[in-house]
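Colleague: So that we are looking at the same thing, I have put the structure below in structure tokens.
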Amino acid sequence: MESSSSSCHKHSSTSVEHPKAIIHIDIDCFYAQVEMLRNPELRSQPVGIQQKNIVVTSNYEARKYGIKKCMAVTDAIKICPNLKLVNGEDLHNYRAASNNIFAALQHWKCPVEKLGMDENFIDVTNLVEERIKSVKDDKITFVGHIYEESITECLCGCHLRLKIASQMAKEMRKKLFDELGFTTSAGIAHNKLLAKLICPLHKPNDQTTIFPEHGASFMSTLQSVRSIPSIGSKTTEALISQNIITVSDLQKVSVDLLKKHFSSDMAVRLKNLSIGEDNTPVKQTGKPQSIGLEDSFKTVSVKSEVEERFSALLQRLLVLVREDGRIPVSLRVTLRKKDVKRLSSHRESRQCQVSPSIFTINHGAPTVTEAGQQKLMTLIMRLFNKLIDLSKPFHLTLVGLAFTKFQERMTGRGSIVNYLMNDISVQSVLNITNDCDTSASSMDYSAASPSSSTTTDLSDGEVEPSPKKPKKVNWIAKRRCLSKEEVASPSKLKVGELRLNSRELEKVSELRLNSRDRSLTPRASPAKDNLSDTDTMKDGSEGGNCDECPSYVDKEVFNALPDEMQQELKAMWKNPSNSELPRSSPRIMNKAKSNTILKYFVPHK
């Protein structure tokens with residue numbers, strides 16, 4: 001196997017091998033630091049952050065006694081009797097501190113990607129290139145530690161770039177300490193993988209840089225393949241089953257062997273990660289795709305207690321929604337069930353739509369009245385009843401609540417945006433009956449969110465219709481859903497594609513053209529020749545007010561149209577030679593007058 005170093009020197013003369021400069025910043029003992037900044041008296045004492053009966057983290061003073069992450073409180077007190085425990089179940093202060101840190105890093109105007117609440121990746125490649133132009137090489141020195149000095153520099157110039165990046169890392173860490181009071185550790189490398197893994201090497205309050213040519217040798221020191229960030233528990237189990245335990249083992253195995261147990265892409269990625277190669281970009285973090293909270297416990301077996309816990313979670317969740325500023329439109333409920341017979345537990349989730357009208361904007365933030373909160377609780381318990389068979393005993397060890405989709409802006413109740421942006425398929429079709437319910441079996445995504453195993457249910461959306469939506473449309477949607485007729489979501493179509501049975505219309509257009517070619521007289525009517533079955537609907541029912549409607553027209557929809565539109569369509573069907581339908585080709589049928597309803601019924605190709 002060719003080493004990273006030799007590869008670098010082999011190709012660096014013709015191409016840039018390591019163009020990026022990535023900084024990974026980790027806040028030292030984050031939860032504990034937040035509490036010490038809030039209460040300076042704790043700084044010189046051993047501090048543990050308690051959630052339930054677990055010490056989730058501690059400061060470095062406590063770690064001297066042997067306190068470790070996720071240690072039981074009773075065990076922690078035994079080895080450190082003077083341990084100061086702080087309740088950390090309310091994450092509000094930690095989230096606020098995390099947001100302040102993220103905002104401070106935006107000062108450098110380069111991509112910043114959050115990883116949890118206490119870690120951030122910063123891509124300083126462009127800033128480094130700008131600084132190279134204004135600084136002499138002999139004036140640049142490394143800041144912090146270096147993982148193994150190199151005898152010769154890589155020809156691609158990555159050493160110079162990483163020198164400058166180490167100086168920027170120092171500047172960032174200084175800003176976070178001066179403005180917010182946090183001590184931090186940093187890793188500097190040419191990719192995210194090495195930057196993250198090298199960061200803890202000299203914690204706390206220090207930084208380390210690693211060169212590309214030392215990536216493989218550094219990775220070989222990791223004692224478990226699970227140490228690689230993107231390798232989860234399932235992948236680890238699969239590797240261990242093949243006697244691949246350490247990263248060094250993974251480096252030695254061939255890609256062909258890995259392909260026997262993983263997909264081709266996955267096998268190549270595992271091999272690249274094992275030698276420190278990673279081309280994952282730093283993605284600028286925006287607002288989260290979901291906002292959720294969970295409450296774990298030994299066991300709950302009574303519905304009333306479950307409702308109390310959901311109510312408490314909802315109150316805290318609404319605070320986060322106000323801070324976020326967006327309007328939620330989807331709600332997810334998660335339960336972790338304990339199987340007494342198998343002595344195991346598993347997660348199940350269901351979600352439904354939430355009417356934006358439950359939320360009102362107050363001083364620029366979404367708020368919910370008591371009546372609105374009661375509506376949300378009704379939805380929550382309705383989902384709970386779908387997940388739990390109350391006629392049988394149940395045992396829960398966790399309940400979770402999350403808003404998973406958001407509406408970025410509010411619009412007037414009469415605004416056309418309500419019709420163009422709302423997901424009509426969800427509100428008027430999927431909410432009608434359980435027959436439209438979709439579900440997925442529980443899956444383990446390893447490194448993903450622990451609640452990523454979900455069963456999706458869209459059948460329990462808020463029953464309130466969108467503003468000014470005609471009752472006729474809702475009735476038609478319900479009829480289609482009950483008959484299991486496949487209906488495309490209007491929200492996923494362009495306005496010009498909202499037409500009646502476009503596939504059949506295309507077929508009819510071809511029939512018309514063929515009919516014209518076969519006509520013996522100039523006045524032959526293709527519509528009359530080919531569309532003789534216009535008196536009955538597809539289901540055989542009477543056609544109502546549309547006796548002239550062709551077979552490809554849904555007559556309930558036709559009757560819901562304004563009278564002017566009906567007349568225009570009838571005139572076109574009676575005398576197609578004078579209509580906007582061109583005789584030459586169905587491909588140019590959309591050249592109708594700009595203000596005619598015809599353009600909405602013509603397929604776009």
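Colleague: Got a number for residues in the range 134-156 being touching a helix residue (DSSP H, G or I) at 6+ places or on another chain (Cβ under 9 Å) and in a helix (DSSP H, G or I)? Break it down stepwise before answering.
Modeller: Step one: filter the range 134-156 for residues touching a helix residue (DSSP H, G or I) at 6+ places or on another chain (Cβ under 9 Å), giving 135, 137, 140-148, 150, 152-156.
Retained after the next criterion (residues that are in a helix (DSSP H, G or I)): 137.
The total comes to 1.
Colleague: Right, something else. Within the range 93-107, take every residue that is of a type outside the set (S, T, N, Q) and either in a strand (DSSP E or B) or out of contact with any strand residue (DSSP E or B) (no Cβ under 7 Å at 6 or more places or on another chain) (or both) and give me the one that is most open to solvent (accessible area, probe 1.4 Å).
Modeller: His107
Colleague: May I ask you to verify whether Lys170 is open to solvent by 90 Å² or more (accessible area, probe 1.4 Å), among the basic types (Lys, Arg) and at pLDDT below 95?
Modeller: Considered against the rule, which asks whether it is open to solvent by 90 Å² or more (accessible area, probe 1.4 Å), among the basic types (Lys, Arg) and at pLDDT below 95, Lys170 comes out as no.
Colleague: Given the options Leu313, Leu270, Leu317, name the one that is surrounded by 15 or more Cβ atoms within 10 Å (Cβ to Cβ), under 24 Å from Glu119 (Cα atoms) and in the same structural domain as Cys352 (by TED's automatic domain parsing).
Modeller: Working: Leu313 fails: under 24 Å from Glu119 (Cα atoms); Leu270 fails: in the same structural domain as Cys352 (by TED's automatic domain parsing).
Answer to the check: Leu317.
Colleague: Does the range 203-214 include one or more residues that are surrounded by fewer than 20 Cβ atoms within 10 Å (Cβ to Cβ) and part of a helix (DSSP H, G or I)? Steps first, answer last, please.
Modeller: To start, the set of residues in the range 203-214 that are surrounded by fewer than 20 Cβ atoms within 10 Å (Cβ to Cβ) comprises 203-206.
If we keep only those that are part of a helix (DSSP H, G or I) too, we end up with none.
No, there is no match, as no residue in the range 203-214 is surrounded by fewer than 20 Cβ atoms within 10 Å (Cβ to Cβ) and part of a helix (DSSP H, G or I).
Colleague: Additional query: Working carefully through the options Thr299, Thr285, find the one that is loosely packed, with under 14 Cβ neighbours inside 10 Å and β-branched (Val, Ile, Thr).
Modeller: Values: Thr285 fails: loosely packed, with under 14 Cβ neighbours inside 10 Å.
Unique residue meeting the criteria: Thr299.
Colleague: Report, by residue number, each residue of the range 330-366 that is open to solvent by 30 Å² or more (accessible area, probe 1.4 Å), farther than 18 Å from Leu293 by Cβ and either part of a strand (DSSP E or B) or aliphatic (A, V, I, L, M) (or both).
Modeller: Listed by number, the residues that qualify are Lys337, Lys338, Asp339, Val340, Leu343, Ser344, Ser345, His346, Thr360, Ile361, Asn362.
Colleague: Taking the condition open to solvent by 30 Å² or more (accessible area, probe 1.4 Å) and out of contact with any helix residue (DSSP H, G or I) (no Cβ under 7 Å at 6 or more places or on another chain), does Arg326 pass? So that I can check it myself, show each step before the final result.
Modeller: On the way: open to solvent by 30 Å² or more (accessible area, probe 1.4 Å): no; out of contact with any helix residue (DSSP H, G or I) (no Cβ under 7 Å at 6 or more places or on another chain): yes.
For Arg326, the condition - open to solvent by 30 Å² or more (accessible area, probe 1.4 Å) and out of contact with any helix residue (DSSP H, G or I) (no Cβ under 7 Å at 6 or more places or on another chain) - is not met.
The values are calculated or read from the model by the stated rules, or taken from the named source; none is laboratory data. This is a predicted model, so every value here is computed, not measured. Heads up, the Cβs are rebuilt from the backbone with ideal geometry, glycines too, and the neighbour counts pull from every protein chain shown. Ligands, DNA and RNA are stripped out before the accessible areas are found, and what is left, the full protein with its side chains, is counted by its heavy atoms. Shrake-Rupley method; radii C 1.70, N 1.55, O 1.52, S 1.80 Å.
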